[in-house]
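What follows is a single structure, written as structure tokens, with notes after it.
The values are calculated or read from the model by the stated rules, or taken from the named source; none is laboratory data. Because the structure is predicted, anything quoted here is derived from the model rather than measured. Neighbour counts are summed over all protein chains in view; Cβ atoms, including those assigned to glycine, are modelled from backbone coordinates with ideal geometry. These area figures cover heavy atoms from the full protein model, side chains too; ligands, DNA and RNA do not enter into them. Shrake-Rupley method; radii C 1.70, N 1.55, O 1.52, S 1.80 Å.
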Amino acid sequence: MQNQLHDRRGFLQKSALATLTALIGTDVVFADKIPAGYTPLAFDYDPLKGKSAEMKVLGDKPWNVESPIHLLDDAVTPVDKMFIRNNGLIPTEPINPKTWTLTIKGESVKATKTYTLDELKKRFTTHTYQLVLECGGNGRSGYEPQTTGNPWDQGAVSCAAWTGVRLKDILADVGLKDDAVYIGYYGKDPHLSQDPTKVSISRGVPIKKALENEVLLAWAVNGEDIPLVHGYPLRLVIGGWPASVSGKWLHTIAVRNKEHDGAKMEGHSYRMPIRPVQPGEKIAETPENFRIIESMPVKSIITYPKTGAMFDKKKSLALRGHAWAGDRAVAEVHTSIDYGATWQKSKLEPAKNRLAWQQWSSEIKFPEVGYYEIWVRATDSSGVTQPMVIPQWNPGGYLNNACHRIAVKAT
Ligand SMILES: Nc1nc2c(c(=O)[nH]1)N[C@H]1C(S)=C(S)[C@@H](COP(=O)(O)O)O[C@H]1N2
Ligand SMILES: [Mo]
């Protein structure tokens, strides 16, 4: 652990002790006996602690962990099954929720304003929304040739219930100028190099998206404090767009009079080529060639059964899963057991709130004993349907929304 925990004489800082107490949820007995230079074991933060043992670790520098699809069966994703995507390091500096502040600044605020977490909680109305957070690179491993970036399978997605205040209420309290066009966030996570002048990620959204009702400054997920790895003690949560816009460990929001120019807003980061490119082709990373990804595309997953399952042919099989469509709603979900030759319409539940995923279910009858593949395909409210094959290759390996498939055996 870091030396910021200790004061110049090597003793544990008061603030570090406060964090430790908050982390472990009880007093540190004999705190006065902790020797100089000693780091209590509880500070060795393990982001996998409390996570399902089935989570798939893609890397630990930075931590990137995905959920196998069958783990995502719950309508509201439990924290132990939520994927982790970090661009930098998990903050190691002591976090004290009592002294944590959020500053709203930038060219387009009337005046800079700072709020404590307590003020946010007390002065503004609290809202809870179930919001889909899906990494823009979810499904990247499906592209050929492979691009740089995490080779996610299809499990870099979650839909948990986030609680906080609306960003729009805070921005109204701050007061915006007429020229506000974009917001950008800043989080406390150190850059991988630990160079304090470098920022690992600082993204944002156009002001129109930022002012939607569902955009939250959240301090809780599924009714509990946000786990450290998911952004404790405060996080921006913006459903329906690449989850990279949902800034963790949030301490500052800039309201910009131009497109936000923070880290990972440039080059081909979270951008799609405007014109189709050949697989593997290199094109100049200029704004003329790339557009920023906004709403995520329509998508669906089969969360039950798990791929590889075996079934009695005489019984019908109850399938289920989720479907979502970025800023849009899902209109229809279909499944196929004959490689897309014919499709059967599924039952589809309405979303709990805008930008939440929707539950679908279906009963399947197998005509005979043998091996089958089950495909699922969702259609959004504008009539856009998922492709059955991998979409057009792109340099960042983003937005693979090809149909999810599982294999089953009827015996
Ligand atoms: N401060 C900060 N916020 C961040 C990131 C980060 O590295 N640092 N990663 C982003 C990306 S790319 C994704 S996909 C989501 C992942 O959120 P999760 O780890 O809570 O699932 O957080 C976003 N917010
Ligand atoms: Mo991401």
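Matching residues to (1) away from ligand 1 (no atom under 16 Å from the Cβ); (2) modelled with pLDDT of 95 or more; (3) open to solvent by 60 Å² or more (accessible area, probe 1.4 Å):
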residue: HIS127; (1), (2), (3): yes, yes, no
residue: GLN130; (1), (2), (3): no, yes, no
residue: THR163; (1), (2), (3): no, yes, no
residue: LEU192; (1), (2), (3): no, no, yes
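Going through ALA220, ALA243, ALA210 one at a time, which residue ends up being over 13 Å from the mean Cα position of the chain (by Cα) and under 30 Å from HIS268 (Cα atoms)?
On the way: ALA220 fails: under 30 Å from HIS268 (Cα atoms); ALA243 fails: over 13 Å from the mean Cα position of the chain (by Cα).
Result of the check over ALA220, ALA243, ALA210: ALA210.
Could you tell me whether region 70-93 includes any residue that is within 14 Å of ligand 2 (Cβ to nearest atom) and part of a strand (DSSP E or B)? Checked region 70-93: at least one residue is within 14 Å of ligand 2 (Cβ to nearest atom) and part of a strand (DSSP E or B). The residues on offer are GLU66, GLU54, and the sole one that is outside the structural domain of LEU17 (by TED's automatic domain parsing), closer than 30 Å to GLU349 by Cβ and in contact with a Lys or Arg (Cβ under 6 Å, 6 or more places away or on another chain) is GLU66. Taking residues in region 86-105 that are small (Gly, Ala, Ser), and partners anywhere that are part of a loop (DSSP other than H, G, I, E, B), the pairs with Cβ atoms closer than 8 Å and at least 6 places apart or on different chains are GLY88/PRO62; GLY88/ASP189; GLY88/HIS191; GLY88/LEU192; GLY88/SER200; GLY88/ILE201. Among the residues of region 38-51, those identified as open to solvent by less than 60 Å² (accessible area, probe 1.4 Å), without any contact (Cβ under 8 Å) to a residue 40 or more places away in the chain and under 21 Å from ASN96 (Cα atoms) are THR39, PRO40, ALA42.
Looking at ILE337, ILE302, ILE293 in this structure, which one is under 20 Å from THR379 (Cβ atoms) and open to solvent by less than 10 Å² (accessible area, probe 1.4 Å)?
Step by step, each of ILE337, ILE302, ILE293 is checked, and only ILE302 is under 20 Å from THR379 (Cβ atoms) and open to solvent by less than 10 Å² (accessible area, probe 1.4 Å).
Taken together, ALA254, ALA243, ALA210, ALA220 contain a single residue that is touching a Cys at 6+ places or on another chain (Cβ under 7 Å) and open to solvent by less than 20 Å² (accessible area, probe 1.4 Å), which is ALA243.
Against the list (1) at pLDDT 95 or above; (2) surrounded by 12 or more Cβ atoms within 10 Å (Cβ to Cβ); (3) part of a loop (DSSP other than H, G, I, E, B), the condition LYS313 fails is (1).
Residue-wise test of (1) touching a helix residue (DSSP H, G or I) at 6+ places or on another chain (Cβ under 7 Å); (2) more than 16 Å from ligand 2 (Cβ to nearest atom); (3) in contact (Cβ under 8 Å) with a residue 60 or more places away in the chain.
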position	(1), (2), (3)
CYS135	yes, no, yes
ASN138	no, no, yes
GLN146	no, yes, yes
PRO151	yes, no, yes
ALA156	no, no, yes
ALA161	no, yes, yes
LYS168	no, yes, no
LEU171	no, yes, yes
GLY175	no, yes, yes
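Restricting attention to region 223-240, the residues being under 26 Å from THR19 (Cβ atoms), open to solvent by less than 10 Å² (accessible area, probe 1.4 Å) and away from ligand 1 (no atom under 12 Å from the Cβ) number 1. Of the residues making up region 176-186, those that are within 18 Å of GLU266 (Cα to Cα) and open to solvent by 20 Å² or more (accessible area, probe 1.4 Å) are VAL181, TYR186. Within the set of pairs 6+ apart or on separate chains, which have a first residue in region 251-262 that is more than 13 Å from LYS105 (Cα to Cα), a second that is outside any loop (DSSP other than H, G, I, E, B) and open to solvent by 20 Å² or more (accessible area, probe 1.4 Å), and C-beta atoms under 7 Å apart? Here the result reads GLY262/VAL199, each pair linking region 251-262 to a residue that is outside any loop (DSSP other than H, G, I, E, B) and open to solvent by 20 Å² or more (accessible area, probe 1.4 Å).
Spot the failing condition for PHE83; the list is (1) within 22 Å of HIS404 (Cα to Cα); (2) not assigned by TED's automatic domain parsing to the domain that holds ASN150, and only one is missed. Unmet condition: (2).
Every condition in (1) under 20 Å from the mean Cα position of the chain (by Cα); (2) open to solvent by 40 Å² or more (accessible area, probe 1.4 Å); (3) more than 21 Å from SER202 (Cβ to Cβ) holds for ASP169 except the one numbered (1). Considering region 250-308, the qualifying strands (runs of 3 or more DSSP E), each wholly inside and each with 3 or more residues that are under 30 Å from THR99 (Cα atoms) and within 16 Å of ligand 1 (Cβ to nearest atom), run over 250-256.
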